[in-house]
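Colleague: Got a structure for you, questions after.
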Amino acid sequence: MLTVNPGLAGVVAFDTEIAEPDRDGGALRYRGVDINSLAGNVSYGDVWGLLVDGDFTRGLPVAEHLPPVDNSGDIRADVQAAVALLAPRWRLRQLIDIPHEQARDDLARSSAAVLSYVAQAARAAFPPAARSPFRASAPGAAGPSAERPPAPGRLTEAGLPAVPGRFTEAGLPAVPGRFTEAGLPAVPGRLTGAGLSQDSQRSTEAERPAVPRRLIEAGRTATERFMIEWHGEPDPRHVAAIDRYWICAAEHGMNASTFTGRVVASTGADAPACLSAAIAALSGPLHGGAPARALGMIEAVEGGIDARRYVRQVLDAGQRLMGFGHAIYRAEDPRARILRETARELCAPRYEVARELELAALAELRERKPDRILETNVEFWAAVILDFAGVPADLFAAMFTCARTAGWSAHILEQKRLAKIIRPSADYVGPGERDATTVPGWPASR
């Protein structure tokens with residue numbers, strides 16, 4: 001019997017047609033298409049269709065109206081639980097009992113629900129981002145998309161219905177004296193000018209009325225609809241930033257969460273169960289949690305410490321520089337290049353300090369480890385992009401969850417077609433045969 005390395009390192013478990021990370025060339029292709037040609041030209045919902053269907057014909061649908069997720073204080077866990085309940089809510093059948101097209105549609109509905117659940121939870125937990133002073137000159141959101149074309153003469157620049165006298169710019173009921181510009185109830189003495197409670201940085205769902213469904217559904221892309229459901233009227237630059245991040249994070253081969261989703265799919269479970277299991281794999285810090293830690297490094301340098309000195313202090317203390325090095329790429333992570341350029345193009349406030357830290361880290365790593373290739377990975381610039389878009393660090397894992405629904409869905413369908421349960425073996429290395437009475441704590445010896 002074949003014995004493999006712990007963690008299945010180096011083991012090829014499947015043939016896949018979905019994604020091709022180019023180890024030596026520093027490229028990533030989704031079904032043969034380089035992601036450099038996708039980011040900024042099509043939307044995330046289109047890329048969901050490319051990964052799942054192999055084309056841009058359908059993409060990700062508009063999410064159905066769903067009740068808010070329970071609020072435990074952990075959005076990722078709340079969304080995981082809510083997704084698992086979609087099957088009984090919608091009376092979905094198991095993958096083993098349905099044809100491919102039905103499985104595809106179940107995954108599309110469930111993926112759209114994930115985005116909606118995260119947006120609802122974020123709106124309940126976090127205040128809206130402050131309106132950008134650059135809004136008047138801001139570019140549009142992501143490039144052309146077949147998901148939902150704008151309706152001429154009826155949508156504002158942000159893609160919201162222009163209903164004069166009935167809704168505010170944020171898409172909330174225009175009730176004078178009751179809502180602030182940020183879309184929060186104007187309760188004198190309780191809210192600050194930024195729309196934050198003076199007692200807490202977080203607002204409750206009661207203080208954040210839901211955005212009307214017709215305004216959400218008027219969004220032209222899945223990303224825009226997400227941001228409308230969260231913020232009411234999002235900054236188009238923030239929509240563009242999130243869209244490119246989601247495209248870069250949509251799929252990356254056989255990682256921990258994708259493998260988990262395929263294992264559950266191999267049992268013939270329903271589509272939401274597979275997605276929920278994949279989301280559960282993000283609960284640990286070793287998969288999908290690095291951007292939040294990379295942001296802490298950038299904030300440290302922003303505080304005034306010399307970047308090279310800071311890098312040396314981190315390495316001398318035996319700590320890891322988050323956002324550098326990758327298990328696959330022997331060149332720069334192609335996703336890092338896209339997000340770096342996005343941060344520069346959209347004038348992210350922390351671009352300059354992040355670039356300074358990046359160059360200092362690369363110089364120090366090359367000096368200390370000249371025999372190793374340690375380049376910037378996607379997590380470093382993902383932190384800058386998410387921070388720029390007003391995403392709190394506590395929400396980073398949930399944003400990654402939204403992005404990866406595309407790759408998970410594609411792999412779940414691929415596993416369904418394979419129709420083979422995943423059941424590896426294990427070598428037993430425990431004690432040899434022994435008498436139960438010799439085991440400490442045996443009842444008769446007490």
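The values are calculated or read from the model by the stated rules, or taken from the named source; none is laboratory data. Keep in mind that what you see is a predicted model, and the values were worked out from it rather than measured. Note: ideal-geometry Cβ built from the backbone for every residue, glycine included; neighbour counts use all protein chains shown.
Colleague: Checking A336 against (1) out of contact with any strand residue (DSSP E or B) (no Cβ under 6 Å at 6 or more places or on another chain); (2) outside any loop (DSSP other than H, G, I, E, B); (3) modelled with pLDDT of 85 or more; (4) of a type in the set (A, V, I, L, M), only one condition comes out false. Which one?
Modeller: Only one criterion in (1) out of contact with any strand residue (DSSP E or B) (no Cβ under 6 Å at 6 or more places or on another chain); (2) outside any loop (DSSP other than H, G, I, E, B); (3) modelled with pLDDT of 85 or more; (4) of a type in the set (A, V, I, L, M) is unmet by A336, namely (1).
Colleague: Being in contact (Cβ under 8 Å) with a residue 12 or more places away in the chain, closer than 21 Å to T16 by Cβ and of a type in the set (A, V, I, L, M, F, W, C) narrows it down to one of A280, A294, A269, A240, so name that one.
Modeller: Only one candidate passes the filter, namely A269.
Colleague: Where in region 27-124 are the helices (runs of 4 or more DSSP H), entirely inside, with at least 3 residues that are surrounded by 22 or more Cβ atoms within 10 Å (Cβ to Cβ)?
Modeller: 44-53, 75-84
Colleague: Quick one: is A348 assigned to a helix (DSSP H, G or I) and touching a helix residue (DSSP H, G or I) at 6+ places or on another chain (Cβ under 6 Å)?
Modeller: In short, no.
Colleague: Filter region 17-30 for residues that are in contact with a helix residue (DSSP H, G or I) (Cβ under 6 Å, 6 or more places away or on another chain) and of a type outside the set (A, V, I, L, M); which is farthest from V239 (Cα to Cα)?
Modeller: G26
Colleague: Another question, then. Are any of the residues in region 390-399 closer than 22 Å to Y30 by Cβ and buried (at least 24 other Cβ atoms within 10 Å of the Cβ)?
Modeller: Within region 390-399, one or more residues are closer than 22 Å to Y30 by Cβ and buried (at least 24 other Cβ atoms within 10 Å of the Cβ).
Colleague: Is it the case that some residue within region 347-362 is without any contact (Cβ under 8 Å) to a residue 40 or more places away in the chain, within 22 Å of A389 (Cβ to Cβ), of a type in the set (D, E, K, R) and crowded, with 16+ Cβ neighbours inside 10 Å?
Modeller: Looking through region 347-362, at least one residue is without any contact (Cβ under 8 Å) to a residue 40 or more places away in the chain, within 22 Å of A389 (Cβ to Cβ), of a type in the set (D, E, K, R) and crowded, with 16+ Cβ neighbours inside 10 Å.
Quick grid of which residues meet (1) surrounded by fewer than 19 Cβ atoms within 10 Å (Cβ to Cβ); (2) in contact with a strand residue (DSSP E or B) (Cβ under 7 Å, 6 or more places away or on another chain); (3) at pLDDT 95 or above; (4) within 26 Å of E217 (Cβ to Cβ):
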site	(1), (2), (3), (4)
R237	no, no, yes, yes
A241	no, no, yes, yes
R244	no, yes, yes, yes
E251	no, yes, yes, no
A265	no, no, yes, no
G268	yes, no, yes, no
L286	yes, no, no, no
G296	yes, no, no, no
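Colleague: Related question: Which number in (1) within 30 Å of L51 (Cα to Cα); (2) at pLDDT 95 or above; (3) among the basic types (K, R) marks the one condition that R423 misses?
Modeller: Going through the list (1) within 30 Å of L51 (Cα to Cα); (2) at pLDDT 95 or above; (3) among the basic types (K, R), R423 breaks only (2).
Colleague: Report whether or not V47 is out of contact with any strand residue (DSSP E or B) (no Cβ under 8 Å at 6 or more places or on another chain) and aliphatic (A, V, I, L, M).
Modeller: no
Colleague: Okay, moving on. Go through E341, E302 for me and flag whichever is modelled with pLDDT of 90 or more, among the acidic types (D, E), closer than 20 Å to F380 by Cβ and touching a helix residue (DSSP H, G or I) at 6+ places or on another chain (Cβ under 8 Å).
Modeller: Being modelled with pLDDT of 90 or more, among the acidic types (D, E), closer than 20 Å to F380 by Cβ and touching a helix residue (DSSP H, G or I) at 6+ places or on another chain (Cβ under 8 Å) holds for just one of E341, E302, which is E302.
Colleague: Looking at region 80-109 only, could you name the residues that are under 24 Å from the mean Cα position of the chain (by Cα) and acidic (D, E)?
Modeller: Result: D105, D106.
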